[in-house]
Amino acid sequence: MNIGNISKEDSSHEGSLKSLQNSIEESYTNPSLLKESSRREAVTRVLELLEQGKVRVASPSKDGGWKVHPWVKKAILLYYKISPTKNIEAGELSFFDKVPSRTDYEQAGVRVVPPAICRHGAHLEPGVILMPSFVNIGAYVGSGTMVDTWATVGSCAQIGENVHLSGGVGIGGVLEPPQGRPVIVEDNAFLGSRVIVVEGVLVGKGAVLGAGTIVTSSTPILDVSGKEEKIYKGSIPAYSVVIPGVRVKEFPAGSYGTSSALIIGKRTEKTDKKTSLEKVLREFGISV
């Protein structure tokens with residue numbers, strides 16, 4: 001199915017979703033159409049479906065990769081056009097914004113520690129735990145995932161099941177261009193303290209990123225675990241153990257170290273997640 005990640009019980013509504021997609025595409029091309037109530041309703045409906053997890057900005061494909069659905073991103077961008085900026089009250093706190101925060105955590109089956117915020121249009125599967133953190137519009141967070149203190153999940157980021165985002169982790173948002181891949185962190189990954197992943201980078205299933213690792217779309221990801229170096233960009237292979245690195249580069253003024261990420265080994269796919277992580281820490285001595 002090309003229009004989003006639709007649950008089986010909703011598969012019969014593919015036609016109506018295709019209609020939504022057509023409306024969004026037309027309104028994005030010609031914003032003046034948003035004067036029509038039906039067009040605005042289409043935008044708000046997509047945001048509702050995003051929050052319910054019935055459509056996604058990106059979804060797993062049959063070949064094991066990911067498919068981006070630009071029309072869903074376009075709906076989010078249109079939402080900012082039709083949503084007025086207004087006062088939002090939270091107890092004694094006051095905000096002034098276009099996007100309300102979610103308050104249905106009990107019904108969603110998630111645990112939220114004050115003052116964590118999840119914005120409208122972001123999906124949280126049952127079993128998610130949000131410490132004081134931030135989940136932005138369009139994001140998807142899988143069951144059993146912990147978003148630890150002061151971690152941020154940027155707009156449209158896709159976070160898998162049983163992921164641990166440690167304190168201060170920064171997952172970047174990717175709203176524009178609409179066809180751009182969002183940051184994706186696949187199931188069972190572990191991101192250590194102050195890790196930063198931005199610009200549509202994909203972190204493969206079960207990967208471990210040591211504290212302070214920074215990965216952008218242009219960061220050299222160097223597999224140094226074998227006899228010969230292997231270089232990746234934009235994607236960290238599944239079960240990789242990654243630490244911050246420095247690569248020497250020549251400039252007119254001299255030789256300087258530039259940021260890189262080093263793959264120093266692999267987790268074992270078949271071992272228990274916690275046992276495997278403890279083994280990784282012992283063998284490679286990385287900080288988390």
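The values are calculated or read from the model by the stated rules, or taken from the named source; none is laboratory data. Bear in mind that the values here come from a model prediction, so they are computed numbers and not experimental data. We place every Cβ from the backbone using ideal geometry, glycine too, and count neighbours over all the protein chains shown.
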Inset, instruction - Please specify each residue of the range 187-201 satisfying the condition of being in a strand (DSSP E or B) and crowded, with 24+ Cβ neighbours inside 10 Å. - result: Phe190, Leu191, Val197
Inset, instruction - Kindly establish whether Glu161 is touching a Ser or Thr at 6+ places or on another chain (Cβ under 8 Å), surrounded by fewer than 20 Cβ atoms within 10 Å (Cβ to Cβ) and of a type in the set (Asp, Glu). - result: yes
Inset, instruction - For Cys156, state whether it is outside any loop (DSSP other than H, G, I, E, B) and either modelled with pLDDT of 95 or more or within 12 Å of the chain's Cα centre (by Cα) (or both). - result: no
Legend entry - Residue that is nearest to Ala151 (Cα to Cα), among those in the range 100-124 that are loosely packed, with under 15 Cβ neighbours inside 10 Å and among the polar types (S, T, N, Q): Thr103
Inset, instruction - Could you tell me whether Ile243 is crowded, with 20+ Cβ neighbours inside 10 Å and over 24 Å from Gly64 (Cβ atoms)? - result: yes
Legend entry - Checking Pro126 against (1) in the same structural domain as Arg181 (by TED's automatic domain parsing); (2) more than 25 Å from Gln179 (Cα to Cα); (3) touching a strand residue (DSSP E or B) at 6+ places or on another chain (Cβ under 7 Å), the condition it does not meet: (3)
Inset, instruction - Give the residue, chosen from Val185, Val141, Val163, Val174, that is free of Cβ contacts under 8 Å to residues at least 24 places away in the same chain and outside the structural domain of Leu49 (by TED's automatic domain parsing). - result: Val141
Legend entry - Of residues in the range 71-99 being touching an Asp or Glu at 6+ places or on another chain (Cβ under 9 Å) and in a helix (DSSP H, G or I), the one surrounded by the most Cβ atoms within 10 Å (Cβ to Cβ): Lys73
Legend entry - Filter result (closer than 21 Å to Ser259 by Cα and in a loop (DSSP other than H, G, I, E, B)) within the range 202-212: Gly204, Ala207, Gly210, Ala211, Gly212
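Would you confirm, using the coordinates I've provided, whether Val224 is among the hydrophobic types (A, V, I, L, M, F, W, C), at pLDDT 90 or above, closer than 15 Å to Gly204 by Cβ and surrounded by 12 or more Cβ atoms within 10 Å (Cβ to Cβ)?
no
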